[in-house]
Amino acid sequence: MTLQARGITVRLGRTEVLHGIDFVAQPGEVTAIVGPNGSGKTTLMRALTGEVSYGGTVEIDGLDIARVKGWELAARRAVLPQATVLAFPFTVVEVVRMGLMTGVHGDDPTLPSRALAEVGLAGYESRFFQELSGGEQQRAHLARVLVQVWKPVAKDGPRWLLLDEPVSSLDIAHQLEVMELVARYAARGGGVVAVMHDLNLTALHAHRIALMKDGRLRAFGPPGEVMTDGILSEVYGCRLRVSAAPEGLPPFVLPHTAALA
Amino acid sequence: MAEADIGATRAAAIPADRRTRARQAHIWLALLLLAVSTASLAVGASGASLWAALGKMATGEELSAMERVVLFDIRLPRLALGILVGASLAVSGAVMQGLFRNPLADPGLVGVGAGAGLGAITAIVLGGFLPVMLIDVIGNWMVPVAAFFGGWASTLILYRVSTRRGRTSVATMLLAGIALGALAGAVSGILVYRADDQQLRDLTFWGLGSLAGASWEKVMIAGPMILLALAASLFLGRGLNGLALGEATAHHLGIDVQRLKNGAILMVAAATGAAVAVSGGIGFVGIVVPHLLRLATGPDHTTLLLNSALLGASLLLLADVISRVIIAPAELPIGIVTAVIGSPVFLWILLRRRGMVDL
């Protein structure tokens, strides 16, 4: 019961942008994909979700995602894209309700409101989606994604959340709120794979970090192993010093270290 | 107790779910269609009275030959054709807009209408060169059949151009539609130069659209195809909702996007081709009806498509009644009436929602 990718290569036009990536995520954990701009994080995510054509195989709980039907996949994993367009003036609850389309949870009328409360948007049901701020829209989409795979574990295995920069347009309080929500989902047995930008937020909540550089995995392991002075400085191309936090908290990086160097 | 109260206020704060309103609209719009249908049967250039005829039927009295002809051979097929065409124009519009994720998309926009028009013009202008025997056989069917094939052909060409490896690019399809429409218009223009006076009159009338030539024959030509397309469209609703979030997200929601797109394109081609074939180019119904319904009950396609069919049929019948009485005993082409009703509504919608991202 894992989300496993083997030998993933992706070509965009004539250039190969991912060069044979092996990646695995376990249920019950938050697996973060991090790396500099253009390192292939989002492309890897798009391969894992089947959005781009790729070489190699991606399996969710042993099912090859290229071979199973769309609705079967939708029942097992929900995807939060980095940017979403919305045509037509749907209300927030109508957008969230679209997550119920897979029919896994039937048409439980309470789910959309519960999911909205989870992401801090209780009472936003009848607002027009397009009138929300960017961060609110992002959280509304997260609610839609949550509704799609509401129970972290079902009879036939864990459910998966695949999130492409879920906190990119959020303020710090909502960043923490969303990351804690996602961590709870994993703690209850679900699997979470998230493309992340913020190294400290990642260190705080991820069990495993896949650090990418130039279309390859440079390091893959728990935050303590991946976040070292040497690895981070090399990958990001600037001098970074990792500091130890007190009392067993994960390490952190301050941009100040690069500025001072 | 206090908590229960809070819960109750919350529930009330969410205004009656638009879904409920949209479902209630099915009933209201069906009643509207019934009312307009009655009006359509009752009103006409001849003096035949629907009520007198109904009274006679109730008492078992024989109808006069005039009453029989006017009611059963003129007004009833016209009513049936109006319902079929109105519903198919509105639903084709709604499906096309869902497919293109653009509230201004319309089959007229992607060349289906222009292709059908070219077919009809070809038949009107060059039909005279056909052997007399053949004309005797096809007769009245020639123009509608040619328009129908024109609509189909343009959809198929469009589809071939814009589909690569099983994926349709919406942008390519829109642009190709504009190109096809321009080409069909140019060829039509050349043909118009070859037309004589009588043909020019036919062309003008056909181009503006009319239900005047309604007959059971035309109902039989267009009916099965339109009904099939409308029935198929009812299965597209959920998928089109998901598509509003973009193709990738629709796929993640478990929708077979390629199948959805194929279905939508075929549905639109069949419904528009058949409708244009029997009634000419009737504009604005496909854009105005879904717009008004989205304003009233929201963009949810699971209810929008059926409501569009009902309101589209009502609107077209109403326009037809107006076209029959306004300069009686002569008739105005229905396309003029829909344009006069439709274009101000359309402009009003544009102005009112100009500030909104999605129109």
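Coordinate-derived values only; no laboratory data. Since we're looking at a predicted model, the values are computed, not measured. A quick note on method: Cβ atoms are made from the backbone with ideal geometry, for glycine too, and the neighbour counts reach across all protein chains shown.
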note = By the mean-Cβ-within-10 Å protection proxy, highest first, B:187-193, B:252-258 rank as B:252-258, B:187-193
request  = Within 10 Å, count the other beta carbons around each residue, average over each peptide in A:22-28, B:274-280, B:235-241, and list them highest first.
outcome  = B:274-280, B:235-241, A:22-28
ask   = For the protein assembly as shown, what does -39500 (n - 2.57) per DSSP helix run (n ≥ 4), summed and divided by total residues, give at 222 nm, in deg cm²/dmol to the nearest 500?
value = -18000 deg cm²/dmol
task = For A:K155, list the lysines whose Cα falls under 21 Å from its own Cα; do not include residues on the same chain fewer than 8 positions away.
result = A:K69
message = Residue by residue through A:95-101, how many Cβ atoms from other chains fall within 10 Å of the Cβ on average?
response = 4
Cβ-based charge dipole, the stretch A:1-141, positive-most Cα from A:P109, A:V58, A:Q130 = A:V58
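When a/c is below 1.5 the answer is rounded, else prolate if a/b is larger than b/c, else oblate, so apply that to the stretch A:50-130 with a ≥ b ≥ c taken from the square roots of the Cα gyration tensor eigenvalues. All intermediate terms of the calculation are to be shown ahead of the outcome.
On the way: a/c = 2.63, a/b = 1.83, b/c = 1.44.
Because a/c hits 1.5 or more and a/b exceeds b/c, the stretch A:50-130 counts as prolate.
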inquiry  = Placing +1 on the Cβ of each Lys and Arg and -1 on the Cβ of each Asp and Glu in the stretch A:133-261, which of A:L249, A:M212, A:V235 has its Cα farthest towards the positive end of the resulting dipole?
reply    = A:M212
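Using unit Cβ charges (K, R positive; D, E negative) and no other charged atoms, how large, in debye to the nearest 20, is the dipole of the protein assembly as shown about its Cα centre?
Numbers: 50 positive and 46 negative charges, 115 e Å.
Here the size comes out at about 560 debye.
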ask   = In peptide A:64-70, what is the residue-averaged number of other protein chain Cβ atoms found within 10 Å of each Cβ?
value = 2
ask   = What Kirkwood radius, in Å to one decimal, follows from the Cα pairs of the stretch A:108-253?
value = 16.8
task = Give the distance, in whole Å, between the Cα centre of the stretch A:1-45 and the Cα centre of the stretch B:184-238.
result = 53
ask   = With point charges of +1 on the Cβ of Lys and Arg and -1 on the Cβ of Asp and Glu, referenced to the Cα centre of the stretch A:66-152, which listed residue (A:M98, A:L80, A:G70) lies farthest in the positive direction of the dipole?
value = A:G70
message = Give the aspartates and glutamates whose C-alpha is closer than 20 Å to that of B:K218, dropping any in the same chain fewer than 8 places away, or say none.
response = B:D73, B:D136, B:D202, B:D320, B:E331
ask   = How big is D, in µm² s⁻¹, for the protein assembly as shown by Stokes-Einstein at 37 °C and 0.692 mPa s if Rh is the Kirkwood radius over C-alpha pairs?
value = 119
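Considering every residue in B:239-251, what mean count of other chain Cβ atoms within 10 Å of its Cβ is obtained?
Mean shielding by partner chains, rounded to a whole number: 6.
Using per-residue counts of other Cβ atoms within 10 Å, averaged over each peptide, order A:175-188, A:243-256 from highest down.
A:175-188, A:243-256
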query = Given H placed on each backbone N at 1.01 Å, which residues far from A:R77 in sequence or on other chains put an amide H within less than 5 Å of it?
reply = A:W160
key: For chain A, the spread of Cα positions along each principal axis, largest first, Å   = 54, 40, 36
For the stretch A:1-113: Kirkwood Rh in Å [reciprocal of mean 1/r, alpha carbons] = 16.0
